[in-house]
Ligand code: HH2
């Protein structure tokens, strides 16, 4: 497993392993794995786990389970971004995530990411011990976001989304989805650098399912090496998303999509993803270990 940085910072992402070789994590001799980010939504309405972890005890128990299963990072969100989701007031979002982050910091050094588009929530979360700001709006929701990210000095995930959660799945269209997503991520990374975010803190994410059809999502997964060629570590979050039954031609509910989620995780790893955002940590790690042992990550 990747060595954790001192002070509870994030482990070295895979793309940086190439500059600083670390012991091979696979006993069978496969390549370095992507890091695993375990999802914990403290929301009433997230598409997969909405309502399950609103209770503080249930959230903490689930966080412990994700850590025990080997999550490298926990991604904690207090507002759903599923298609059609309604916005959450700032104070409510802070009230959902900060006590959980504080509780986790008291018992674990697993790095914590805050999944939010609001700078005030990111500030409160980083104040409580989070070291990564995962923003599905690529620091574009507020004019204060870029400056806040630079000031906080945390890792930042810049994700591509077409439109906003309420409307993003209404007929998304692109001339060339891979080129357009790549150009957007490059521009947002440049904006973050210009605002003072350190190059080594920036991650990019093509935003699987955010204003994209199943065909767009497949093109992005196939074209992931082009996103990785931007020079920033790539995060992919395809776990349990609704494209899976569309691609597979079934009617599976969110908790029946493990097979499709693993197929996408393996494809993302093969395409150079440095981190995978998943609900099913142990199953994904097992699939990655076996695929790496076979020789294709
Ligand atoms: N997907 C979701 C939320 N945050 N962040 C990144 N970087 N990449 C993603 O693909 C991504 C994300 C949506 O999934 P989930 O958190 O499971 O559901 P919800 O948004 O309904 O809370």
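Some points to look at:
- Filtered by the rule that a residue be crowded, with 21+ Cβ neighbours inside 10 Å and in contact (Cβ under 8 Å) with a residue 40 or more places away in the chain, the stretch 121-139 gives 121, 125, 130, 131, 132, 134, 136, 138, 139.
- One residue from 140, 127, 38, 50 being on the phi < 0 side of the Ramachandran plot and in a helix (DSSP H, G or I): 127
- Residue check, residue 223 touching a strand residue (DSSP E or B) at 6+ places or on another chain (Cβ under 7 Å) and touching a residue at least 24 places away in the same chain (Cβ under 8 Å): no
- Matching entry among 124, 194, 138, 198 (being farther than 19 Å from residue 228 by Cβ and touching a helix residue (DSSP H, G or I) at 6+ places or on another chain (Cβ under 6 Å)): 124
- Out of 152, 193, sole residue that is closer than 30 Å to residue 106 by Cα and more than 17 Å from the chain's Cα centre (by Cα): 152
- Among the candidates 101, 112, 94, 76, residue that is farther than 23 Å from residue 181 by Cα, away from the ligand (no atom under 11 Å from the Cβ) and within 14 Å of the chain's Cα centre (by Cα): 112
- As for the stretch 184-198, it holds at least one residue that is crowded, with 22+ Cβ neighbours inside 10 Å and in a loop (DSSP other than H, G, I, E, B).
- When 269, 263, 251, 238 are screened for being in a loop (DSSP other than H, G, I, E, B) and more than 14 Å from the ligand (Cβ to nearest atom), only 251 passes.
- Restricting attention to the stretch 272-289, the residues that are part of a helix (DSSP H, G or I) and in contact (Cβ under 8 Å) with a residue 40 or more places away in the chain add up to 6.
- Given (1) in contact with a helix residue (DSSP H, G or I) (Cβ under 7 Å, 6 or more places away or on another chain); (2) more than 20 Å from residue 161 (Cβ to Cβ); (3) at pLDDT 95 or above, number of the condition residue 256 does not satisfy: (1)
- Qualifying residue in the stretch 206-222 (condition: part of a loop (DSSP other than H, G, I, E, B), over 19 Å from the mean Cα position of the chain (by Cα) and within 13 Å of the ligand (Cβ to nearest atom)): no
The values are calculated or read from the model by the stated rules, or taken from the named source; none is laboratory data. Computed from a predicted structure; not experimentally measured. Because the Cβ atoms are built from the backbone with ideal geometry, glycine has one as well, and the counts that use them run over all protein chains shown.
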